[in-house]
1. For a quick size check, give me the Cα extents of the range 2-78 along its three principal axes, largest first, whole Å.
2. Compute the length gained on full extension between residue 28 and residue 199: take 0.36 nm times their separation in residues and subtract their Cα-Cα distance, giving the result in nm to one decimal.
3. If you take the beta carbon distance between residue 72 and residue 253 as r and set R0 to 30 Å, what does 1/(1 + (r/R0)^6) give as a FRET efficiency, to the nearest 0.05?
4. Based on Cα positions only, what radius of gyration and what Dmax would you give for the range 188-239, in angstroms?
5. Can you list the residues of the range 234-249 with backbone N under 15 Å from a point 7 Å past the Cα of residue 174, pointing along Cα to Cβ?
6. Run the helix sum for the chain: -39,500 (n - 2.57) per DSSP H stretch of 4+ residues, divided by residue count, reported at 222 nm to the nearest 500 deg cm²/dmol.
7. Please say if the range 89-155 is rounded, prolate or oblate, where rounded means a/c under 1.5 for a ≥ b ≥ c the square roots of the C-alpha gyration tensor eigenvalues, and otherwise the choice is prolate for a/b larger than b/c and oblate otherwise?
8. Work out, step by step, the length gained on full extension between residue 39 and residue 220: first 0.36 nm times the residue separation, then minus their alpha carbon distance; give nm to one decimal.
């Protein structure tokens with residue numbers, strides 16, 4: 001009876017962990033407009049490569065069983081052959097809108113609605129059954145690509161992409177998450193505490209939210225001083241070699257507030 005209870009409890013903990021990780025990934029994908037299909041492909045690829053790295057002698061079938069990925073794709077990932085992924089639909093629609101406006105209307109404006117050579121017809125062809133032309137238009141307007149002129153659509157920006165600042169911050173975020181995960185995985189594998197990387201979290205559930213802005217300013221002062229001390233200490237261990245000679249080594253700290 002106890003074993004059944006323990007198994008159910010462990011399964012519940014795993015489910016909660018999966019949901020929490022998925023929630024974090026969903027936020028990143030939406031915030032920085034990362035293509036979901038591309039993310040899934042990259043996740044499968046990294047699952048395969050990490051499984052092979054953990055056990056270099058593992059067969060294709062063994063890796064397929066451990067990762068849950070079809071062995072045909074496992075082989076392609078290991079050999080560096082990327083399976084085909086569909087391009088982003090919004091990107092395709094923008095390309096069609098630009099081509100249509102220049103080819104048939106000699107400019108950057110096309111009719112909004114209609115069965116032929118219109119924004120609506122392009123959306124129905126490229127995203128039939130998944131998105132309405134109104135929702136696609138709303139998104140492309142929000143991205144700064146199109147402008148609604150009433151009965152017509154004007155191309156404002158022909159490049160469908162996130163801004164440079166968003167892209168850079170997205171890369172920084174991904175790097176920070178990777179560093180955090182590396183520390184967690186490393187510490188999990190260590191039995192002696194002195195071999196573990198620094199991993200500390202200090203928090204409270206007794207701070208009135210109204211006072212958090214005040215506490216925030218105090219923490220900024222403390223962490224700024226702390227950062228300077230660490231910078232001096234790390235620099236004192238540096239050798240007279242070119243930047244990038246050795247792998248990155250350092251420490252990160254960040255402020256957080258969990259959702260209710």
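Bear in mind that the values in this text are calculations on the coordinates, not laboratory data. Remember, it's a predicted structure, so these values are computed and weren't measured experimentally. Cβ sites come from the backbone with ideal geometry, for glycine too, and all protein chains shown count toward neighbours.
1. That works out to 42, 37, 18 Å along the principal axes.
2. 59.3 nm
3. The value I calculate is 0.10.
4. 16.2, 47
5. Label zone hits: none.
6. It comes out at -19500 deg cm²/dmol, rounded to the nearest 500.
7. Here the range 89-155 falls in the rounded category.
8. 61.7 nm
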